[in-house]
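Read through the structure below, which is laid out as structure tokens, and then see the notes.
The values are calculated or read from the model by the stated rules, or taken from the named source; none is laboratory data. As the structure is a computational prediction, the values presented were derived from the model and not from experiment. Here the Cβ positions follow ideal geometry from the backbone for every residue, glycine too, while neighbour counts run over all protein chains shown.
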């Protein structure tokens with residue numbers, strides 16, 4: 001009989017299952033990091049616009065320009 005995780009007290013998933021689980025965990029971490037940093041903002045916007053059936057979905061470039069306008073059109077309290 002060959003070696004299995006079941007025979008040696010493992011979880012039964014084997015190396016392939018562990019690597020797949022690790023890949024999912026790393027993927028979730030990476031997606032969370034992108035959302036936290038704002039890197040996934042355009043993808044989030046597109047999902048929202050499609051869900052709410054927006055008449056016009058901005059291109060990536062249009063979205064970026066709108067974000068810059070929104071960011072720098074506010075009053076700055078610095079200096």
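Only one entry of 35, 43 meets the criterion of being at pLDDT below 80, surrounded by 11 or more Cβ atoms within 10 Å (Cβ to Cβ) and touching a helix residue (DSSP H, G or I) at 6+ places or on another chain (Cβ under 9 Å), and that entry is 35.
Looking across the range 4-30, just one residue is under 30 Å from residue 63 (Cβ atoms) and modelled with pLDDT under 80, and that is 30.
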